[in-house]
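What follows is a set of notes on a single structure, which appears directly below.
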């Protein structure tokens, strides 16, 4: 666990973060049906809540508080309606650098249960070395409400009349999706959905857009 914590902490320190924790983080033992005793069950990160602009500070602090002798977490389980797009980008990049699988689910009683990953959460999901959306969980997309980093106060509202902003945010999202080995067609679909609506992806779409992938 010590080596894992050092690696994760060093990755997180590479980002300039200055905010309080947004997602709530915990470690849970997951009964995957293959562990003979509970103490032998794999440990997973569990993240639940809304993603904020500087989400990495909370994750860094949580990782830094872990018991060095504990087993390294096997996966990052997330249940989030979304939040800040820039924060989700940063979290996704860190998860990819750590090389940890991401699962959309909740955890209760040591079992995976239904979870939701919508809006900005989808970009955190993209960071997984492998990505899973178990039966009962769902993923939803829509166009972002703001263009990050364009405005003086955290972003400018997107509108159909501001075509240049839409092109810019589309390029940003497309470049990120490609970097994460996700089909850029997902971004085209997302941008076609109004910000106040949501488009739940089917199981076939999750596979076709490569949001669900197994580790190579």
Whole-Å distance linking the alpha carbon centroid of the stretch 51-85 with that of the stretch 110-147 is 15
DSSP beta bridges in the stretch 23-108: the antiparallel percent, rounded to 5, is 40
Descending packing, highest mean Cβ count within 10 Å first, for 167-176, 99-108 is 99-108, 167-176
Protection proxy (average C-beta count within 10 Å per residue), highest first, orders 71-82, 203-214, 117-128 as 117-128, 71-82, 203-214
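Values quoted throughout were computed directly from the atomic coordinates according to the rules given, and no laboratory measurement underlies them. Worth saying up front: this structure is predicted, and the values here are computed from it rather than measured. Here the Cβ is made from the backbone with ideal geometry for all residues, glycine too, and neighbour counts use every protein chain on show.
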